[in-house]
Amino acid sequence: MGIENLPEFIRNNYQIQEWRHASAILEKDFPDEWNEIIQVLSSFRLLRSEILEPGGGKSPIANRIDNFFLQYGWAETSFDTGIIVDGVERDSPTHKVDNFKNGVAIELEWNNKDPFFDRDLNNFRLLFDLRVISVGVIITRCSELQLLFDELGKGKSYGNSTTHWNKLIPRLEGGSGGGCPVLVFGITRGLYLQNE
């Protein structure tokens, strides 16, 4: 159930890993959101021109993926959370989620510092425990893309201490997301297009 039911294109062009049956939960309990995630991932291509664009702020790659989700009604969302103990309320702030819809949270980590994975997984854990989300999804880049960035002369803009597959999976398998089901997609070189 789940990952094996993804279209062949996605299985061939993304690394995929899950924690606590996330894909089965998405497929059976959130079929609309599952299909929208499939549509976005199927439509995405990694464009040479966007890799070569100078850094600073949110990358055009991250913006384009976010815009795909926006077209389906997903939205960046903040949550006002707190905990009441013996009548005393304490703030329990969470970080905003890049894309949220109907209890499914998606974070896109293209080229941030790798501690952002800790933030994302901790946020998923807390929001899951508070019954705000049922599943978390992370889209990142595969570590193998560093070779492509080096070939394009952009290797120094990326690097080992940024967000990529090999920095995320040990955190996921170590239980950093707590009980929250998490599904991870890693963008591979198979999606690369030389559009110039």
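The values are calculated or read from the model by the stated rules, or taken from the named source; none is laboratory data. All values derive from a computational prediction rather than experimental measurement. Glycine gets a Cβ as well: all are built from the backbone with ideal geometry, and neighbour counts include every protein chain shown.
Of everything in the range 59-91 that's at negative phi, surrounded by fewer than 13 Cβ atoms within 10 Å (Cβ to Cβ) and part of a loop (DSSP other than H, G, I, E, B), which residue is nearest to the chain's Cα centre (by Cα)? My answer is SER78. Residues that are more than 26 Å from LYS28 (Cα to Cα), among the polar types (S, T, N, Q) and free of Cβ contacts under 8 Å to residues at least 60 places away in the same chain do occur in the range 108-123.
Could you please give the count of residues in the range 1-39 that are closer than 21 Å to SER143 by Cα and either surrounded by 18 or more Cβ atoms within 10 Å (Cβ to Cβ) or not basic (Lys, Arg) (or both)? I'd like the intermediate steps shown before the answer.
First pass over the range 1-39, keeping only residues closer than 21 Å to SER143 by Cα: 3, 9-19.
Now narrow it down to the ones that are either surrounded by 18 or more Cβ atoms within 10 Å (Cβ to Cβ) or not basic (Lys, Arg) (or both): 3, 9-10, 12-19.
Summing the residues that are closer than 21 Å to SER143 by Cα and either surrounded by 18 or more Cβ atoms within 10 Å (Cβ to Cβ) or not basic (Lys, Arg) (or both) in the range 1-39 gives 11.
If you go through the range 37-58 and keep only what is outside any helix (DSSP H, G or I) and within 15 Å of the chain's Cα centre (by Cα), you end up with PHE44, LYS58. Summed over the range 117-169, residues that are in a loop (DSSP other than H, G, I, E, B), out of contact with any Cys (no Cβ under 8 Å at 6 or more places or on another chain) and not basic (Lys, Arg) total 13. Could you please give the count of residues in the range 101-142 that are more than 25 Å from GLY179 (Cβ to Cβ) and modelled with pLDDT of 95 or more? Of the residues in the range 101-142, 2 are more than 25 Å from GLY179 (Cβ to Cβ) and modelled with pLDDT of 95 or more.
The number of residues in the range 53-84 that are more than 18 Å from ILE138 (Cα to Cα) and either of a type in the set (Lys, Arg) or modelled with pLDDT under 90 (or both) comes to 11. Residue count for the range 1-36 satisfying the condition of being more than 13 Å from the chain's Cα centre (by Cα) and outside any helix (DSSP H, G or I): 8. Scanning the range 43-58 for residues that are surrounded by fewer than 15 Cβ atoms within 10 Å (Cβ to Cβ) and free of Cβ contacts under 8 Å to residues at least 60 places away in the same chain gives SER43, GLU53, PRO54, GLY56, GLY57, LYS58. Taken together, the residues in the range 144-187 that are among the polar types (S, T, N, Q), closer than 28 Å to GLU53 by Cα and buried (at least 18 other Cβ atoms within 10 Å of the Cβ) amount to 3.
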